[in-house]
Amino acid sequence: MNINQRTLLVFDLDGTLLSSEKTIMPKTKAILHELRERGHVIALASGRPPRAVIPYYEELGLDGPIISYNGACITDPKDNEFPTYHYFFKREWILSFLRQIKKDEIINLFAESGTTLYLGHNSDQFDNMFHKEGMLVINGDYEKILNEDVYAFVFQMKNDEALKKLKEINLPDKTLFLRHWYDCDGIAEFGSTEVSKAAGIKRLEEIYKIPHGQTIAFGDAENDVEMLSYVASPFAMKNACSKLKHMVKNITEEDNDHEGIYLTLKHLFSL
């Protein structure tokens, strides 16, 4: 990587750019501002929906791309000419998957389109985990309420043993796989080989004409595996899951609560 050339820097949010208190550390905020002023492209990449990414985007004063829903939606909130990308999990896939599972083994379900959240039932855990602001919320049996394709589908099994049984299920499309949430018991989501944060970064390289060798990314969780496998300079946070730490040789000196990103970027860009 040439620090004097335009670079694409991509940051996961939860557990990476955000502290445990869901704030951006002050030194990290300052160094991202400086790198943006120098002409580098700063992108946020998250499993969150755009509405839950934009407040941090605005706090940082960014004017570039957002990769949300783990790559299923790529937008630029300030550029109407940006070639927005969308990917949807088909309603039929979700219903086919659920028909193969015993209902008493599922605690709850979550799916969302651009306007609507579909929940199996209300729960404090899911209310705190997902972002309901401005969205229509519908609860009930998915066979009856789910009437469209969605950006995301998340489910919680009653225990890890029930989650492990899902390996025996025939997924309804060859592109699908199940991604487990390493920090949440029994929770997993649909993933697709056709969509990821990595695929989003590849699109951004093409749009901004940035050489692959000038890409950097930071992450901490399972949904960052593809992204850190793809970029030229990957960094796992000190607080990252063991899978990432074993996969990536570059580990931040400190975690997300102690300016881990700032310390790495300060060293990389000799600031």
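Read-outs throughout are calculated quantities, based only on the coordinates presented, and are distinct from any laboratory measurement. Please read all numbers here as calculations on a predicted model, not as lab measurements. Every residue, glycine among them, receives a Cβ derived from its backbone with ideal geometry; neighbour counts consider all protein chains shown.
Each Lys and Arg Cβ is given +1 and each Asp and Glu Cβ -1; about its Cα centre, the chain then shows a dipole of about 600 debye. Ignoring lysines fewer than eight residues from Lys144 along the same chain, the ones with Cα atoms less than 22 angstrom from its Cα are Lys90, Lys102, Lys103, Lys132.
DSSP beta bridges fully contained in the chain are about 55 percent antiparallel. Length available on full extension from Val137 to His33: 0.36 nm per residue minus the Cα-Cα distance, which gives 33.8 nm.
Along the stretch 45-51 the Karplus relation, 6.51 cos²θ - 1.76 cosθ + 1.60 evaluated at θ = phi - 60°, assigns HN-Hα couplings of 10, 8, x, 5, x, x, 4 Hz to successive residues, with x for each Gly and Pro. Using every pair of separate Cα atoms, the Kirkwood estimate puts the hydrodynamic radius of the stretch 1-69 at 12.4 angstrom. Checking every one of the trypsin sites (Lys or Arg not before Pro) in the stretch 208-271 against DSSP loop status and a limit of 10 other Cβ atoms within 10 Å picks out Lys209, Lys249. The smallest convex shape that holds all Cα atoms of the stretch 63-173, its convex hull, gives 129 Å³ per residue. Per-residue Karplus couplings for the stretch 172-178, computed as 6.51 cos²θ - 1.76 cosθ + 1.60 with θ equal to phi - 60°, are listed in order as x, 8, 5, 7, 7, 8, 9 Hz, Gly and Pro entered as x.
Give the aspartates and glutamates whose C-alpha is closer than 12 Å to that of Lys164, dropping any in the same chain fewer than 8 places away, or say none. Lys164 reaches Glu105, Asp185.
With a simple spin-label model that places each label point 7 Å from the Cα along the Cα-to-Cβ direction, the separation between Asn128 and Thr23 comes to 1.9 nm. Taking the Kirkwood radius as Rh and the Cα radius of gyration as Rg, the stretch 222-261 has a ratio of Rg/Rh equal to 0.94. Each label point was placed 7 Å from the Cα along the Cα-to-Cβ direction; for Asp257 and Lys167 their separation is 3.3 nm.
Look at the dipole of the stretch 1-105 built from charges on Cβ: of Gly71, Leu98, Val41, the Cα furthest out on the positive end belongs to Leu98. A run of the chain free of exposed loop cleavage sites, with GluC sites (Glu not before Pro) counted only in DSSP states other than H, G, I, E and B and at most 14 other beta carbons within 10 Å, reaches its longest extent at 22-80.
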